[in-house]
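Novice: Structure below; questions to follow.
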Amino acid sequence: MQKKIYLLTKYLVIASLLLSVVSIYSTKAGWGEIYPFYFWKLYSQPLGNTKVVSEYRIYAKQKSDSAFCRMAVKDNYTFTVGEYVYTLHRLVTDYSNTRSETNKNRLYDFVKHVEPEYEQYEIIKETYRPLEIFKNENVYDTSVEIIF
Amino acid sequence: MCMIHQLRLFFSSDKTKAAFETDSVFRNQVKNVLQDHFIARKVLNILTGFWLMWILEEYRIVMLRPASIYIADNYFVRLFMPTLPCALQVYSVIAIGFCTVAYNFYFSPLRISKVILTATVMWLNILPWGYGFFSHVGHVFVLSHLLGIFLPDVNVSKENAAHSYLSMQWYYLGIVANYSMSGIWKLGGLIYKLFANDGTIHWLHPKAALYNSIVGFHKYDIPLTSQFDIFHFSWPWQVGFLIILLLQTFAVFIVLFPKRYFLFCIAIVTMHFVNITAFAIMFIWQPLVIFILFFPYHKIFNPTLSIENK
């Protein structure tokens, strides 16, 4: 009996590995990740390896203000900084890929939720060179992605 | 014991059984692995209790977010949690999780209770996935339950000791294969970049660690301050990367050397600690799981395991 059970663990691990390999292929082929517990391709290159990096940030203002202000990423009551960054990035990417009203509304819901005290918002793509921003944190290019 | 011999044993249950009966050193190794593993599973159960408390808090917070921003990303999520579940569903599943954790802790876990706990953990872990994260968040923790369903959790008979030992080796292989896959991607990426010579920063570039750190911290708008003095010399980071590359790529071979589990465990936990402090790469549950699974409990507690003569 024990031998059969040992084989079950062995086959479970092998199946898990195989599903992972299939997942690598299916993700690459655009079918999505069919097995979410193994496929792990993080930091295969250092961050910023192309020497130019882009991040999305929320800019906001009241209607009466003349200019938008940059909203730094910060711990919010319902989002840690990590959750904030990943959710914002994902929602902006979803909207940029589809340009659908639904995705724009979802992004607006998020922006309004994390920065509720403002009336007008922009999502800005900030592009910077790591070694430059290391010397001066204000050296980056901006381009408007979305205006609400 | 040499690697070839350990490999032979790993792939042949008959040879493992024969070695267990004839070789007292190997028999001792098997006993230590079995005992450590039984304790590790209990500690993992306690960790799961804390994880359930964290999920409870996470769900309370998630409920305060706009419902529209929940993202059902991969097939698994779309199948089991296409929209944010109602409070009754989540709290019921968490309650089942707590009951199963308590049962598995106080009693010898039944296979069905392990299946229920695995299903509970897998389902609840979707919650942190629903907000733009990669699905890898918590995946080693989930795997530590999923791959352990068929493992024995109590003293085993002498007859079954060899097979129990082998199942545990496969279990550990399943867990650490994550690191090997990650290492293989890094190795492939490094070789490609070294040959491509396209002017980008590869992992052995003198400024690779500095780039990685600047972008990692700036992503969260954490001020880039004097902490970056640690990158003044590049060679320790280049050597460190090579050590991590070897550690990750060949991680699966650790299952052949149970006596080195603790060294492996320290190396992995150190790697995660450096990642958190120097690069803002936040893995919390994963190093905890590795620490719990690979800790040599038999060196602290008196050996209590008896392999029974059934």
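The rows are residues; the columns are (1) in contact with an Asp or Glu (Cβ under 9 Å, 6 or more places away or on another chain); (2) farther than 23 Å from A:ASN76 by Cβ; (3) touching a residue at least 60 places away in the same chain (Cβ under 8 Å).
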site: B:ILE4; (1), (2), (3): no, yes, no
site: B:ALA18; (1), (2), (3): no, yes, no
site: B:VAL25; (1), (2), (3): no, yes, no
site: B:LYS31; (1), (2), (3): no, yes, yes
site: B:ASP36; (1), (2), (3): no, yes, yes
site: B:ARG41; (1), (2), (3): yes, yes, yes
site: B:PRO82; (1), (2), (3): no, yes, no
site: B:THR100; (1), (2), (3): no, yes, no
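Novice: Please determine, by comparing only the residues of the range A:1-37 that are of a type in the set (Gly, Ala, Ser) and assigned to a helix (DSSP H, G or I), which one is surrounded by the most Cβ atoms within 10 Å (Cβ to Cβ). Give the derivation first.
Specialist: First, the residues of the range A:1-37 that are of a type in the set (Gly, Ala, Ser): A:15-16, A:20, A:23, A:26, A:29-30, A:32.
In the following step, the residues that additionally are assigned to a helix (DSSP H, G or I) were identified as A:15-16, A:20, A:23, A:26.
Values: A:ALA15: 12, A:SER16: 17, A:SER20: 20, A:SER23: 23, A:SER26: 18.
Taking the candidates together, the pick is A:SER23.
Novice: Still on this structure: Kindly establish whether B:ALA251 is buried (at least 18 other Cβ atoms within 10 Å of the Cβ) and either over 26 Å from A:LYS135 (Cβ atoms) or modelled with pLDDT under 95 (or both). Break it down stepwise before answering.
Specialist: Values: buried (at least 18 other Cβ atoms within 10 Å of the Cβ): yes; either over 26 Å from A:LYS135 (Cβ atoms) or modelled with pLDDT under 95 (or both): yes.
Yes: the conditions hold for B:ALA251.
Novice: Is it fair to say A:LEU42 is hydrophobic (A, V, I, L, M, F, W, C), surrounded by fewer than 17 Cβ atoms within 10 Å (Cβ to Cβ), within 9 Å of chain B (Cβ to nearest Cβ) and part of a loop (DSSP other than H, G, I, E, B)? Walk me through how you get there before you give the answer.
Specialist: Working: hydrophobic (A, V, I, L, M, F, W, C): yes; surrounded by fewer than 17 Cβ atoms within 10 Å (Cβ to Cβ): yes; within 9 Å of chain B (Cβ to nearest Cβ): yes; part of a loop (DSSP other than H, G, I, E, B): yes.
Judged against the criteria, A:LEU42 is a match.
Per-residue answers, yes or no, for (1) free of Cβ contacts under 8 Å to residues at least 12 places away in the same chain; (2) at the interface with another protein chain (Cβ under 7 Å from one of its Cβ atoms); (3) outside any helix (DSSP H, G or I); (4) within 21 Å of A:PRO36 (Cβ to Cβ):
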site: B:PRO152; (1), (2), (3), (4): no, no, yes, no
site: B:HIS163; (1), (2), (3), (4): no, yes, no, no
site: B:LEU187; (1), (2), (3), (4): no, no, no, no
site: B:ILE191; (1), (2), (3), (4): yes, no, no, no
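Novice: Taking the range B:250-290 as the search range and keeping residues that are β-branched (Val, Ile, Thr) and over 30 Å from B:ILE222 (Cα atoms), which one is farthest from the other protein chains (Cβ to nearest Cβ)?
Specialist: If we filter the range B:250-290 for residues that are β-branched (Val, Ile, Thr), which is where we start, we get B:252, B:254-255, B:266, B:268-270, B:274, B:276-277, B:281, B:284, B:289-290.
Narrowing the set further to residues that are over 30 Å from B:ILE222 (Cα atoms) leaves B:252, B:254-255.
On the way: B:VAL252: 10, B:ILE254: 15, B:VAL255: 10 Å.
The selected residue is B:ILE254.
Novice: Could you please find all residues in the range A:59-90 being facing chain B (nearest Cβ under 9 Å), hydrophobic (A, V, I, L, M, F, W, C), touching a residue at least 24 places away in the same chain (Cβ under 8 Å) and assigned to a loop (DSSP other than H, G, I, E, B)?
Specialist: Within the range A:59-90, A:PHE79 is the sole residue that qualifies.
Novice: Determine whether A:TYR56 is outside any helix (DSSP H, G or I), at the interface with chain B (Cβ under 7 Å from one of its Cβ atoms) and in contact with a helix residue (DSSP H, G or I) (Cβ under 7 Å, 6 or more places away or on another chain). First the steps, then the outcome.
Specialist: Working: outside any helix (DSSP H, G or I): yes; at the interface with chain B (Cβ under 7 Å from one of its Cβ atoms): no; in contact with a helix residue (DSSP H, G or I) (Cβ under 7 Å, 6 or more places away or on another chain): yes.
No; evaluated as a whole, the condition is false for this residue.
Novice: For B:PHE50, all conditions in the list (1) buried (at least 21 other Cβ atoms within 10 Å of the Cβ); (2) under 18 Å from the mean Cα position of the chain (by Cα) hold save one; what is the number of the exception?
Specialist: That leaves (1) as the condition not met.
Novice: Inspect all residues belonging to the range B:238-247 and state whether any of them is more than 10 Å from chain A (Cβ to nearest Cβ), touching a residue at least 12 places away in the same chain (Cβ under 8 Å), within 19 Å of the chain's Cα centre (by Cα) and farther than 20 Å from B:LEU194 by Cα.
Specialist: Yes, there is a match, as at least one residue in the range B:238-247 is more than 10 Å from chain A (Cβ to nearest Cβ), touching a residue at least 12 places away in the same chain (Cβ under 8 Å), within 19 Å of the chain's Cα centre (by Cα) and farther than 20 Å from B:LEU194 by Cα.
Novice: Looking at the range A:96-119, which of its residues are under 18 Å from A:MET71 (Cβ atoms), more than 7 Å from chain B (Cβ to nearest Cβ) and part of a helix (DSSP H, G or I)?
Specialist: Residues satisfying the conditions are A:LEU107, A:TYR108, A:VAL111, A:LYS112, A:VAL114.
Novice: Filtering the range B:193-204 down to residues that are closer than 17 Å to B:LEU246 by Cα and facing another protein chain (nearest Cβ under 9 Å), which residue is surrounded by the fewest Cβ atoms within 10 Å (Cβ to Cβ)? Can you show your working first?
Specialist: From the range B:193-204, those closer than 17 Å to B:LEU246 by Cα are B:202-204; that's our starting set.
Subsequent filtering for residues that are facing another protein chain (nearest Cβ under 9 Å) retains B:202-203.
On the way: B:HIS202: 19, B:TRP203: 24.
Across the range B:193-204, the extreme among qualifying residues is B:HIS202.
The values are calculated or read from the model by the stated rules, or taken from the named source; none is laboratory data. As the structure is a computational prediction, the values presented were derived from the model and not from experiment. We place every Cβ from the backbone using ideal geometry, glycine too, and count neighbours over all the protein chains shown.
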